[in-house]
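Worksheet: the structure to be examined is printed underneath.
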Amino acid sequence: MQLDGKAIIVTGGGRGLGRAYSEALAREGAMIVAADIRDTADTVAAIESAGGTAIGLALDVADMASCQAMAERAIAEFGRIDALVNNAALYGDISGGRFDQLPEDQWDRVMTVNVKGIWQCCKACVPALREAGGGSIINISSLAATYGMAYAVDYATSKAAVIGLTRSLARELGRDWIRVNAVAPSAVLTEGTDEFMGEKRDKALQVIAASQSLQSNLETDDLTGTIVYLASDASKFVTGQTIMVDGGTVML
């Protein structure tokens, strides 16, 4: 129980990776706040049925008032915030295309949710992390940020910005013993990947797996160990890093 007694917020916790992160953290004893613009009832029910503790709440990371309300509810429920997993992002619900044909409003929405949303969640939660004497912020980036991703320039650019944000916050918040790291996975077998790739899904996944040293597509469980590690005291001297969980595609 590496996380016994820790209160952890997971944004985008309603499904896919966010739900997997929430359940894995709860198995290690964490009290979970699953926050999402989608319904989080299934995530909370799964955690509670396994004997864990969780609450679900509505969150729009593009709205600072919503982010602040999330932090306040977490403190009201659990008395503290020890870690924040910034997982919420636009991915499955955006369309790909040539860079010069991407809709301008989509570009703006991707930057608002994927970059500004993390900034706003950090602003809302860092005071509580300071009050707790430190903690961990885990930002979810992507292989797209380091390898490059044609026909999804808006998404790849937003995830590259997440790495820059992570490094800057790590330097700024180190004096408070708040660690800030990023995790950059390859395509994971989730609903979001199905939606993003559409009818090209099977072929795209084959190509991705073939480019890896470990030639298999990522399952959600392939990522949860890294998240647990970064949330726990086992990583207490790790900050400012981008950990690739991509089967050996990019080797930093």
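Bear in mind these aren't lab numbers, they're just calculated from the coordinates by the rules spelled out. Being a predicted model, the structure only gives us computed values, none of them experimental. Positions of Cβ are backbone-derived with ideal geometry, glycine not excepted, and every protein chain shown enters the neighbour counts.
Less than 5 angstrom separates the built amide H of MET31 from those of GLY5, LYS6, ALA7, ILE8, all sequence-distant by 5 or more or on a different chain. In plain terms, the residue of TYR147, TYR21, TYR229 with the fewest other Cβ atoms within 10 Å comes first and the most crowded comes last, giving TYR147, TYR229, TYR21.
Backbone N atoms of the stretch 80-116 closer than 14 Å to the 7 Å Cα→Cβ label point of MET64 belong to residues 116.
Please compute, over every Cα-Cα pair in the stretch 1-151, the percentage with a separation greater than 23 angstrom.
I get 35 percent for the Cα pairs in the stretch 1-151 exceeding 23 Å.
Using C-alpha pairs below 8 Å separated by at least 6 residues, the relative contact order for the stretch 35-119 is 27 percent. The stretch between GLU48 and ARG171 holds 40.6 nm of extra length on full extension. This uses 0.36 nm per residue minus the Cα-Cα distance. Ordering VAL61, VAL110, VAL250 from the fewest to the most neighbouring beta carbons within 10 Å gives VAL250, VAL110, VAL61.
Calculated from the alpha-carbon coordinates, the stretch 101-252 shows an Rg and a Dmax of 16.2, 49 Å respectively.
Show me the three semi-axes of the equivalent ellipsoid for the stretch 75-129, from the C-alpha gyration tensor (sqrt of 5 times each eigenvalue), largest first, rounded to whole Å. After scaling each eigenvalue by five and taking roots: 32, 10, 7 Å.
Dividing the summed -39500 (n - 2.57) terms of all DSSP H runs of n ≥ 4 by the residue count of the chain sets its mean residue ellipticity at 222 nm at -13500 deg cm²/dmol.
Listed from fewest to most Cβ neighbours within 10 Å, the set SER186, SER49 follows the order SER49, SER186. Packing-based ranking of 83-90, 149-156 yields 83-90, 149-156, ordered from highest to lowest mean Cβ neighbour count within 10 Å. Net charge of the neighbourhood of ALA160, taken over other residues with C-beta under 12 Å away and scored Lys/Arg +1, Asp/Glu -1, is +1. Among the trypsin sites (Lys or Arg not before Pro) in the stretch 74-153, those placed in a DSSP loop whose Cβ has at most 10 other Cβ atoms within 10 Å are ARG98.
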